[in-house]
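The structure appears right after this line, and notes come after that.
The values are calculated or read from the model by the stated rules, or taken from the named source; none is laboratory data. This one's a predicted model, so the numbers in the text were calculated from it and none came from an experiment. Counting neighbours? That spans all protein chains shown, and the Cβs are built from the backbone with ideal geometry, glycine included. Only protein heavy atoms, including side chains, enter the accessible area calculation; ligands, DNA and RNA are left aside. Shrake-Rupley method; radii C 1.70, N 1.55, O 1.52, S 1.80 Å.
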Amino acid sequence: MIGGNDMINILVAGDSFASNWNTGEEWWQQLPYNITNIAQAGASQYKILKSFTSVDIKAYDAVIVFHTSPTRIYASKGNLLHKDSITHRDSCYVINDVLSKRGPIKRALESYTKYFYDDDFITYTHRKICHDIETKTHNVPVIHASGFDYTSVYTFKNFVSITDLFETHRGNICHLTPNGNRLLKERIYKQLQQLWA
């Protein structure tokens, strides 16, 4: 079991449910550990996978990964809808979000969904990337989580669902209220203790 006087190092990766909203009230900032956070608001699953190339995973006592929606499209050149946003200018596109907007990006995505989008392919690709993330993190204790419903997407060992918190405590910090962040911190903390037991 990890504990005592040792400094515990945790790596947090994923999408906006785990990113830094610069408030100090994020759930991961409330954990009593040394946190390295490489999560990015609006990250696609592929971008989450790529983020692991910037760190040595074996240097951490545990990894927490927040997985995103399969319908988030990878954007290698940044997000044209949020180009002036500090938190989202490098984000990827969620199909339903873009389709609710106006302008040329919406029209381009309408053409993409009409002529090229294939749900089976998107799901297959997303599952392959989930598997690659599991493979990349298999040497350390890992908690997988998502603010999206993953019941029919992928089955992770040590998965923490937060869809109930997102429904009942929706807010502006990691998409949760301050109390929702506190409750999420408690879930993650409890899961970490079980991993290390």
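Taken together, 171, 147 contain a single residue that is open to solvent by less than 50 Å² (accessible area, probe 1.4 Å) and free of Cβ contacts under 8 Å to residues at least 24 places away in the same chain, which is 171. Do we have residue 160 as open to solvent by less than 40 Å² (accessible area, probe 1.4 Å), closer than 30 Å to residue 25 by Cα and touching a helix residue (DSSP H, G or I) at 6+ places or on another chain (Cβ under 6 Å) here? Criteria met by residue 160.
With respect to the conditions (1) within 15 Å of the chain's Cα centre (by Cα); (2) hydroxyl-bearing (Ser, Thr, Tyr); (3) open to solvent by 20 Å² or more (accessible area, probe 1.4 Å), residue 33 falls short on a single one, namely (1).
Selection of strands (runs of 3 or more DSSP E) fully inside the stretch 142-197 by the criterion of at least 3 residues being closer than 26 Å to residue 57 by Cβ and of a type in the set (A, V, I, L, M) returns 142-146. In the stretch 90-126, the qualifying residues are those that are assigned to a helix (DSSP H, G or I) and open to solvent by 100 Å² or more (accessible area, probe 1.4 Å), and the one that is modelled with the lowest pLDDT is 96.
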